[in-house]
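Every read-out reported here was derived from the displayed coordinates using simple, explicitly stated rules and does not represent laboratory data. Quantities reported herein were computed from a predicted structural model and do not represent experimental measurements. Glycine gets a Cβ as well: all are built from the backbone with ideal geometry, and neighbour counts include every protein chain shown.
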Amino acid sequence: MTDITLAIAGQAGQGVDTASELLARTLVRSGYHIFSYPNVMSRIRGGHNFTAVRVSDRQVYSTPGKFNALLAMDELSVREHRADMVEGGTMIAEGRMPSIEHHGQSSNDEARMTIETRNSNDRGRGERADRPTILRVPMAEIAGKHGGSKTMANVVGLGALLALTESGDSPRSRGRDRNPVQSPFSKLRNLLKERFASKGEEVVRQNLACLKAGADHIRERRVTNVECRMLGQSATGNRQSGKRGRLLLTGNHAIALGALASGVRFHAGYPMSPSTPIMEYLAAKQAEAGLVMEQAEDEIAAIIMVIGAAYAGARAMTATSGGGFSLMVEGLGMAAMAELPVVVVLAMRAGPATGFPTRTEQGELLFVTSASQDEFPRFVFAPGTAEEAFCATNRAFELAARFQVPAVVLSDQLLSDSLWTVPSFNLARTRVSSDFDESAWQGRPANSYRRYAITASGVSPRLRPGFRGQLVRSLGSEHDEDGFQTEDKAVRVKMHEKRMSKLEAMAGAMEAPTCYPEETADVAVVCFGSTYGAAREAVDILRSERVSVAMVHLCDLIPFPRERMTALLAPARKVITVEGNSTGQLAALLRRETGIKADAQVLKYDGRPFEAASLAEEIRRKC
């Protein structure tokens, strides 16, 4: 079975993002599953960035712990990631050293100096003496010769990296099925032709020449004994699996597609990572999907525009991060008071203020559950995978419209920016209901419509403004049933109770938590949002060691499924929460809603995602 990680590292501006995206698409076209996570600094050029592409012949859900092979576009990347390589791992690095640096052996002073620095670093970190093999490839020089520009060095590197994965046996691969999948190299050639066709035949030719030259540089060395060779169970099986409607997309793209599938007609927003790709994707689909995307001057304007569009009868949304959501909070309260269905995507990132703008964290859970003035009903969803993000966005639109309340889709940088394979979306689960029953108002007496009429469900009839013979009012101040402002205390109590009475039916419309692999076990690992992948794989690791453990993942968070969670956790000997913050916000929410106190917490707040093996170890220690 294949499960390896190929990483690409370098400075911003060296094409790391482009190269890793091309690599991921190539591998998917070759029949593999991938999970690709970008680890980037918040700058346009310079710094140190890397993307880890995990490759497997089965579905994978989380970031890797170690790299089997690394394409290092600069020397900093070599130094930075020595400790991140598996035993026997291989680095492809820029340079012209005449021999392979292997276990401290080299034939020139520069190589020896590099090895000595590495030994010193390894001793300081208490790591074993076995270090990665470093293959030097003059990528910039080759790119200048074959492509006419050093900017194509990343394509040279990709050729070298793919050639390495086709190399001879590794110790772990001996005795196993050695039937490789269809060569990713040929798939990448085709992808480059598609990607650069619009730039002309000469650009395509140069890229293909660079790709081949990079691969030839590795093939001529006849490198063996590497730990990054890709092995499929069978060539036929892998190729067929790649044809079953597999998608490759980020969480942001899944959310945008979920909005399109839900009939969104208006999006207003202000760019703020990691949510910006949602706005960019929808902007590119305006003509095709019949929607309007407006880049507002700030987040306050964005939420007010969305409220206006919802009042006019359009399905409307915005997307932002924590700082932008803070500015939107008053508008969120206005949408609740006016009982208008708006959808807000909040993509969390680490730290207050600017914080870690390109890192991941889950520090805004409690904020989003109670943000804004006073009390009002809302929906909060926290999907854990791209597929779940698509479905949760659809539910957000549907339920917001059904109950005339705001809905928030809670994401984070890990979910937003990671690129992964998912099955084709099950469109049978997608619902697009009519938000208005205007036929029932045809022929009614003029001006008989009461926008905020008190009903048994708390949900009032909704008409579009301009409906013939009826006046549609909407107000952000407290109001009576007709929509006129009031300060009458009795009316205030009635209208507040009307809005809050929706909560029981809203709770009934939520989907149950996901249990993996079963509902009951001695240890229940409770998580939400993007921690799904690492928690799921950590559970697999522990169960392989005969630990009785199961995962309970919450996507539909608010209204909180208190009865269901109480029943699920009652049999557990120990409840452990896993979340990306420092105060245990999920544990606090769980105790507030159910009275269940988590027996232990695994918390992470360094801006990096959980890794399954490390998480399994943490859970094991707390069992």
Sorted peptide list for 561-572, 208-219, criterion being average Cβ within 10 angstrom, highest first: 208-219, 561-572
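Can you give the calculated 222 nm mean residue ellipticity of the chain, where each DSSP H run of n ≥ 4 adds -39,500 (n - 2.57) and the sum is split over every residue, rounded to the nearest 500 deg cm²/dmol? Walk me through the numbers on the way to the answer.
Numbers: 22 runs with 241 residues, N = 623.
Rounded to the nearest 500, it is -11500 deg cm²/dmol.
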Förster radius 22 Å - calculated FRET efficiency between Ala613 and Ser548, Cβ distance, rounded to 0.05: 0.70
Mean Cα-pair separation over length for segment 251-429, i.e. relative contact order, pairs under 8 Å, 6 or more apart, %: 26 percent
Phi-based couplings in Hz for segment 355-368 (Karplus 6.51, -1.76, 1.60; Gly and Pro marked x): x, 9, x, 10, 10, 10, 6, 10, x, 10, 4, 5, 4, 6
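I'd like to compare 274-287, 490-503: which one has the highest average count of other Cβ atoms within 10 Å, and what's the full order after that? Don't skip to the answer; put the middle values down first.
Numbers: 274-287: 19.4, 490-503: 15.4.
Ranked from most to least packed, the peptides come out as 274-287, 490-503.
Could you calculate the contour length gain from Gln373 to Ala567, that is, 0.36 nm times the residue separation minus the distance between their Cα atoms, to one decimal place in nm?
On the way: separation 194, 0.36 × 194 = 69.84 nm, distance 3.26 nm.
Length gained, Gln373 through Ala567: 66.6 nm.
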Relative contact order computed over the chain (Cα-Cα under 8 Å; 6+ residues apart), in percent: 12 percent
Nearest-0.05 FRET efficiency for Gln442 and Asp599, computed from C-beta distance (R0 60 Å): 0.50
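Below 8 Å between Cα atoms, with a sequence gap of 6+, how large is the relative contact order for segment 436-491 in percent? Numbers along the way, then the final one.
On the way: 70 pairs, mean separation 17.7, N = 56.
Result for segment 436-491 is 32 percent.
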Segment 246-301-segment 547-608 distance, computed between alpha-carbon centres (Å): 31 Å
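Grab the other residues whose beta carbon is less than 11 angstrom from that of Ser42, score K and R as +1, D and E as -1, and report the net.
On the way: positive: Arg43, Arg349, Arg359; negative: none.
Net of charged neighbours comes to +3.
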Coil-residue trypsin sites (Lys or Arg not before Pro) of segment 243-284, DSSP, other Cβ within 10 Å capped at 12: Lys243, Arg244
From phi via Karplus (6.51, -1.76, 1.60), per-residue ³J(HN,Hα) for segment 78-92 in Hz, x at Gly/Pro: 4, 5, 5, 10, 4, 6, 8, 8, 5, 4, x, x, 10, 10, 9
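Sorted by average packing, counted as other Cβ atoms within 10 angstrom per residue and highest first, what order do 426-432, 342-348, 533-539, 190-196 take?
342-348, 533-539, 190-196, 426-432
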Bins of 5 Å from zero: percent of alpha-carbon pairs in segment 309-441: 2, 10, 19, 21, 19, 14, 10, 4, 1, 1, 0
Projected label distance in nm at Thr430 and Arg221, using a 7 Å step from Cα toward the beta-carbon: 4.7 nm
Net charge of neighbours whose Cβ lies under 15 Å from the Cβ of Thr358, counting Lys and Arg as +1 and Asp and Glu as -1: 0
Within segment 343-407, GluC sites (Glu not before Pro) in DSSP loop having at most 13 other beta-carbon neighbours inside 10 Å: Glu375
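Sum up the charges of everything whose Cβ sits under 12 Å from the Cβ of Phe397, counting Lys and Arg as +1 and Asp and Glu as -1, but leave Phe397 out.
+3
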Distance violations [Cα-Cα > 23 Å] among Lys150/Lys193; Lys66/Lys145; Lys145/Lys212; Lys597/Lys622; Lys66/Lys574: Lys66/Lys145; Lys66/Lys574
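Using 0.36 nm per residue, how much length does the chain from Glu487 to Ala453 gain when fully extended, once their Cα-Cα distance is taken away?
Numbers: separation 34, 0.36 × 34 = 12.24 nm, distance 1.75 nm.
Full extension from Glu487 to Ala453 adds 10.5 nm.
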